[in-house]
Amino acid sequence: MYCDQHMNCKCYFVPNWFTKWSSARKHCSDYNAQFITIKNNKENKYLSDFLSDIGVSRVFIGASRLNETHFHWSDGSLMKFDKWEDGEPKYDCVIVLQNTKYNHWATAKCDDTELFVCRKDAVWAKNSKNWL
């Protein structure tokens, strides 16, 4: 888990197993976290740098177009920001490709298995120099 006190006081973590998009959403909830949303270039770059630091090249994020024509975040909000790779979107669940020059997004089938990213609010622990 990585917690950033400078950008937005959030903690990010990538569980070390592959799963379907719907299961990823549930796993984040089980951790009292949110399936990550990316609302601007700064957040997208931050996520890409984090993935690079931990050696992960692609992950599910919390956006999909399940039974709809538009993409929505797992919190129900409409996806207004995107970074589509050329030729995308092809499928219904969104992945971030860390290894592209511009940190672009692609899509995968929702039943494919991928790593995923959860995010939760950071809490400063008393008598500690660490975020939890």
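The values are calculated or read from the model by the stated rules, or taken from the named source; none is laboratory data. Computed from a predicted model, the values in this text were never measured in an experiment. Ideal geometry is used to build each Cβ from the backbone, glycine not excepted, and the neighbour counts take in all protein chains shown.
Here are the numbers:
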read-out	value
Evaluation of Leu47 against (1) at pLDDT below 90; (2) over 20 Å from Ser23 (Cα atoms); (3) more than 15 Å from the chain's Cα centre (by Cα); (4) among the hydrophobic types (A, V, I, L, M, F, W, C) (one fails), failing number	(3)
Single unsatisfied condition, Ser52 versus (1) outside any helix (DSSP H, G or I); (2) under 14 Å from the mean Cα position of the chain (by Cα); (3) among the small types (Gly, Ala, Ser)	(1)
Residue among Arg58, Arg65, Arg25 that alone is free of Cβ contacts under 8 Å to residues at least 60 places away in the same chain and touching a His at 6+ places or on another chain (Cβ under 8 Å)	Arg65
Given (1) at pLDDT below 75; (2) assigned to a strand (DSSP E or B), index of the condition Thr107 fails	(1)
All positions within the stretch 88-119 that are in contact with an Asp or Glu (Cβ under 7 Å, 6 or more places away or on another chain) and over 23 Å from Thr69 (Cα atoms)	Thr100
Candidate set: the stretch 81-116, residues that are surrounded by 15 or more Cβ atoms within 10 Å (Cβ to Cβ) and of a type in the set (Ser, Thr, Tyr); chosen: the one farthest from Arg58 (Cα to Cα)	Tyr91
In the stretch 1-44, residue modelled with the highest pLDDT [restricted to those that are among the aliphatic types (A, V, I, L, M) and either buried (at least 17 other Cβ atoms within 10 Å of the Cβ) or out of contact with any strand residue (DSSP E or B) (no Cβ under 7 Å at 6 or more places or on another chain) (or both)]	Ala24
Leading residue by the ranking (nearest to the chain's Cα centre (by Cα)) among those in the stretch 74-85 that are more than 14 Å from Thr107 (Cα to Cα) and either at pLDDT below 90 or not aliphatic (A, V, I, L, M) (or both)	Ser74
